[in-house]
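Since the structure comes first, as structure tokens, the remarks are kept for the end.
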Amino acid sequence: MTNQNVVTPEVINTLIAVAASISNSQVLPTATVPESLALLGGFWGFPHKNLMKRLEGTKVNAWIDSMRASSPTRVKSEIQEKRSWILYHPSALNVFDQIIYNSKGKKIVVFLDYDGTLSPIVTDPDKAFMTRKMRATLKGIARHFPTAIVTGRCRDKVYNFVKLAELYYAGSHGMDIKGPTKSQSPKKGNNKGVLFQPASQFLPMIDEVYKILLEKTNSVPGAKVENNKFCLSVHFRCVDEKSWAPLAEKVKLVLNEYPQLRLTQGRKVLEIRPAIKWDKGKALEFLLKALGYENSDDVFPIYIGDDRTDEDAFKVLRSRGQGIGILVSRVPKETDASYTLQDPSEVEQFLRRLVEWKRSSTVTPTSV
Ligand SMILES: O=P(O)(O)OC[C@H]1O[C@H](O[C@H]2O[C@H](CO)[C@@H](O)[C@H](O)[C@H]2O)[C@H](O)[C@@H](O)[C@@H]1O
């Protein structure tokens, strides 16, 4: 039995909380789903996993359908469907006490995606700032728990947004890992030296492809190519939908010359990365090992993320039967996460509760 299935007296509270969250759930706006979504045959917003596999290397039309589905803001939602999704993936805020109960006696380790989790999705990727409140909460989290940011972004860039030296950073979808440069708890081991770059041999190739993509896409208004060091992002959030197909075609043509690279999708972004067996899930495992929890039952990892790439980490937690995955989403999506939060402000609330709980449960010796 995994932690996620433990039946305790608190389960009763959980069920009450879930029932409350269902009765509070709002009816989502009526559908404006592109027809292509229906063709994808899967759940709203997330094309079915098997289908996604088939999409890699197939016709550009399939990619376009998937591009349309990559950042759904409105879904065809029957109240019943939304309710059943909430039932299977309750709000982590509503089941907070249950989560704490399940973590009893274990060391909580916190893993956080950046875009869409700690910062809201904005049109300009260079302006995806966290709020001051989020930063203060994150500082509190890092004071009490080992904490890592796991992101598709370049590690240096995400560091410039977060600016907290006490965290672990796993950039480029986990292909660029670095430990804290400042320790919050010097007594508890020192992982400052942790540095892992499993795709370092791809650096020259990524730089080369970056330059080619810049040149090939500059005729597409709104397209933006971002160099994330070991990965590249081709953003189409600001591209007219009519130009999505030509843009995807250009990217695919370039990648045909580079079979060592693969193309995946995030939220209105095409992502190019080395075709190695490394992802956010592997980064999570690597970090747990670095922290001394490789084969330990005494750890309770909490991973919060909003993107398809975060599913690799949710899957790892499920297969280890440890900790919990929390998906950040307002709409039902196919996911391996156990719980949900609606947006970065709910993520901040959840993290703040974690800090408050830790503070109140830490016994401070009274002076005589
Ligand atoms: O793993 P993540 O931290 O979620 O990073 C994934 C991508 O995030 C960024 O793009 C996304 O956020 C942008 C800012 O809100 C938004 O404009 C864009 O449409 C989103 O896809 C980042 O810019 C990418 O390089 C990352 O791959």
(message) If I filter the stretch 92-108 down to residues being open to solvent by 20 Å² or more (accessible area, probe 1.4 Å) and on the phi < 0 side of the Ramachandran plot, which single residue comes out as nearest to the chain's Cα centre (by Cα)?
(response) Leu93
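Based on what the data block shows, is Asp336 charged (D, E, K, R), under 14 Å from Gly281 (Cα atoms) and in a helix (DSSP H, G or I)? Write out each step before concluding.
Values: charged (D, E, K, R): yes; under 14 Å from Gly281 (Cα atoms): yes; in a helix (DSSP H, G or I): no.
No: the conditions fail for Asp336.
Looking at the stretch 255-324, what strands (runs of 3 or more DSSP E) fall wholly within it and have at least 3 residues that are under 17 Å from Met175 (Cα atoms) and modelled with pLDDT of 95 or more?
Numbers: elements: 261-266, 269-274, 299-305.
In the stretch 255-324, the matching strands (runs of 3 or more DSSP E) lie at 261-266, 269-274.
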(request) Taking only the stretch 122-172 into account, find how many residues are within 29 Å of Gly222 (Cα to Cα), of a type in the set (A, V, I, L, M) and open to solvent by 10 Å² or more (accessible area, probe 1.4 Å). (result) 2
(request) Please work out which residue is surrounded by the most Cβ atoms within 10 Å (Cβ to Cβ), limiting yourself to the stretch 293-339 and to residues that are away from the ligand (no atom under 16 Å from the Cβ) and among the polar types (S, T, N, Q). (result) Ser338
(request) Working only within the stretch 118-158, note down all residues that are closer than 19 Å to Leu284 by Cβ, among the polar types (S, T, N, Q) and more than 14 Å from the ligand (Cβ to nearest atom). (result) Thr147
(request) State yes or no: is Ser219 free of Cβ contacts under 8 Å to residues at least 24 places away in the same chain and either buried (at least 17 other Cβ atoms within 10 Å of the Cβ) or not in a helix (DSSP H, G or I) (or both)? (result) yes
(message) Against the definition (touching a residue at least 12 places away in the same chain (Cβ under 8 Å) and touching a Lys or Arg at 6+ places or on another chain (Cβ under 7 Å)), how does Val109 come out, yes or no?
(response) no
(request) Just one of (1) under 30 Å from Asp298 (Cα atoms); (2) within 9 Å of the ligand (Cβ to nearest atom); (3) touching a strand residue (DSSP E or B) at 6+ places or on another chain (Cβ under 7 Å) trips up Asp115, so point out which. (result) (3)
(message) For the list (1) within 13 Å of the ligand (Cβ to nearest atom); (2) at pLDDT 95 or above; (3) in contact with a strand residue (DSSP E or B) (Cβ under 6 Å, 6 or more places away or on another chain); (4) open to solvent by less than 40 Å² (accessible area, probe 1.4 Å), I need the number of the one condition that Val239 fails.
(response) (3)
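The values are calculated or read from the model by the stated rules, or taken from the named source; none is laboratory data. All values reported here derive from a predicted model rather than from experimental measurement. Because the Cβ atoms are built from the backbone with ideal geometry, glycine has one as well, and the counts that use them run over all protein chains shown. The area values use the complete protein model at the heavy-atom level, side chains included, leaving out ligands, DNA and RNA. Shrake-Rupley method; radii C 1.70, N 1.55, O 1.52, S 1.80 Å.
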